Amino acid sequence: MSTHGPVEAKQVAMMNALAHSLDEMFNPQLADDEPRTIGFVLLAFDFGEAHPRSRMNYISNAPRPDMIVALKELVANFEGRMMPETKGQ
């Protein structure tokens, strides 16, 4: 699966519209200078066997470095390498 380059042309409009809608839902009525409080990443990929021209597309409202950290934490959690935080400790 390729990991470089922009979102595939066939998915650009749909992913941009979804990202805009998700951002409005997670971060409603933000003033221009108010920071977002909820970040997200949307991943889109073809089902089936990967081949050299297949790619995963993503779009996010977060800066790329923050999104990469979040994805690494997600994978570590899925793989059981992170203990969930408990409140009050």
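Considering segment 15-45 alone, what residues qualify as being modelled with pLDDT under 80 and of a type in the set (D, E, K, R)?
Passing the criteria: only ASP32.
Considering each of VAL75, VAL69, VAL7, VAL12 in turn, give the residue that is at pLDDT below 90, assigned to a helix (DSSP H, G or I) and of a type in the set (A, V, I, L, M).
Just one listed residue meets the conditions, VAL12.
Condition (residue is within 26 Å of LYS10 (Cβ to Cβ), surrounded by 11 or more Cβ atoms within 10 Å (Cβ to Cβ) and either at pLDDT 90 or above or out of contact with any Ser or Thr (no Cβ under 8 Å at 6 or more places or on another chain) (or both)) applied to segment 78-86: is it met by at least one residue?
Checked segment 78-86: no residue is within 26 Å of LYS10 (Cβ to Cβ), surrounded by 11 or more Cβ atoms within 10 Å (Cβ to Cβ) and either at pLDDT 90 or above or out of contact with any Ser or Thr (no Cβ under 8 Å at 6 or more places or on another chain) (or both).
Inside segment 11-45, can you point out the residues that are closer than 14 Å to ASN57 by Cβ, without any contact (Cβ under 8 Å) to a residue 12 or more places away in the chain and surrounded by 12 or more Cβ atoms within 10 Å (Cβ to Cβ)?
Across segment 11-45, the qualifying residues are VAL12, MET14.
The values are calculated or read from the model by the stated rules, or taken from the named source; none is laboratory data. Values in this document were obtained by computation on a predicted structure and should not be read as measured data. Because the Cβ atoms are built from the backbone with ideal geometry, glycine has one as well, and the counts that use them run over all protein chains shown.
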